[in-house]
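Worksheet for the structure shown next.
The values are calculated or read from the model by the stated rules, or taken from the named source; none is laboratory data. None of these values were measured; they are calculated from a predicted model. Neighbour counts are summed over all protein chains in view; Cβ atoms, including those assigned to glycine, are modelled from backbone coordinates with ideal geometry.
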Amino acid sequence: MPSLPSFARLLALVLSLSFPVGSKADEVQDINQLFRTGDLTTALARADKFLARNPNNAQARFLKGLILTDLGKSAEAIQVFTALTENYPELPEPYNNLAVLHAAEGRYDAAKNALEMAIRAHPGYATAHENLGDLYVRMAAQAYAKALQADGSNQTAKAKLALIRELVSGNKPAAPAAEPAGANP
């Protein structure tokens, strides 16, 4: 899955180009610009002020979730994205961002469910499909590592874990025998 800050900034840019223009849109664009330049504290304050007047603005709420994510306030970001999925179930992006946050915290089942909801909302949403693939890779690595904890001599699990690590890192895998039995993915 893409890293949270770079993915969030890219998504903010894409979303900023897909909403209508006007004074509200200009204000949200200003918040987005603050976010993209890294002025997160000001961006959050402006988003909160805007949302106090426009509590149902999906774009501003989404942007607030991105800002909270970049600030490392995952629990608050999860609340924002969850509320968006409840109010706007047709939007795939909040589900996708929930999945990224859940996966970052090791809650792979919750991440998988959120990505499946994103895909149901928008079957052609390539980012959710890619993130689901990345999630399955993480889940597979976790399962192979557990298999090795149970049986450190399992050469098949060692080889598969090495292949996953190669896939994720882009490096050549270590010899399967070099993998420790309790390796974490």
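For every residue, the table says whether it meets (1) in contact with a strand residue (DSSP E or B) (Cβ under 9 Å, 6 or more places away or on another chain); (2) of a type in the set (A, V, I, L, M, F, W, C); (3) not assigned by TED's automatic domain parsing to the domain that holds Pro55.
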{"position": "Gly72", "(1), (2), (3)": "no, no, no"}
{"position": "Gln79", "(1), (2), (3)": "no, no, no"}
{"position": "Lys112", "(1), (2), (3)": "no, no, yes"}
{"position": "His122", "(1), (2), (3)": "no, no, yes"}
{"position": "Val137", "(1), (2), (3)": "no, yes, yes"}
{"position": "Lys160", "(1), (2), (3)": "no, no, yes"}
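Considered as a group, the residues in region 85-120 that are of a type in the set (A, V, I, L, M, F, W, C) and under 18 Å from Ala143 (Cα atoms) include one that is farthest from the chain's Cα centre (by Cα), and that residue is Ala110.
To keep it simple, each residue is scored yes or no on (1) surrounded by fewer than 16 Cβ atoms within 10 Å (Cβ to Cβ); (2) in contact with a His (Cβ under 6 Å, 6 or more places away or on another chain); (3) outside any helix (DSSP H, G or I); (4) without any contact (Cβ under 8 Å) to a residue 24 or more places away in the chain.
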| residue | (1), (2), (3), (4) |
| --- | --- |
| Leu66 | no, no, no, no |
| Gln79 | yes, no, no, yes |
| Leu84 | no, no, no, no |
| Pro89 | yes, no, yes, no |
| Pro94 | no, no, no, no |
| His102 | no, no, no, no |
| Gly124 | yes, no, yes, yes |
| Asn131 | no, no, no, no |
| Tyr144 | no, no, no, no |
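When Gly106 is tested against (1) surrounded by 14 or more Cβ atoms within 10 Å (Cβ to Cβ); (2) modelled with pLDDT under 95, exactly one condition is not met: (1). Number of residues in region 152-176 that are surrounded by 10 or more Cβ atoms within 10 Å (Cβ to Cβ) and at pLDDT 85 or above equals 16.
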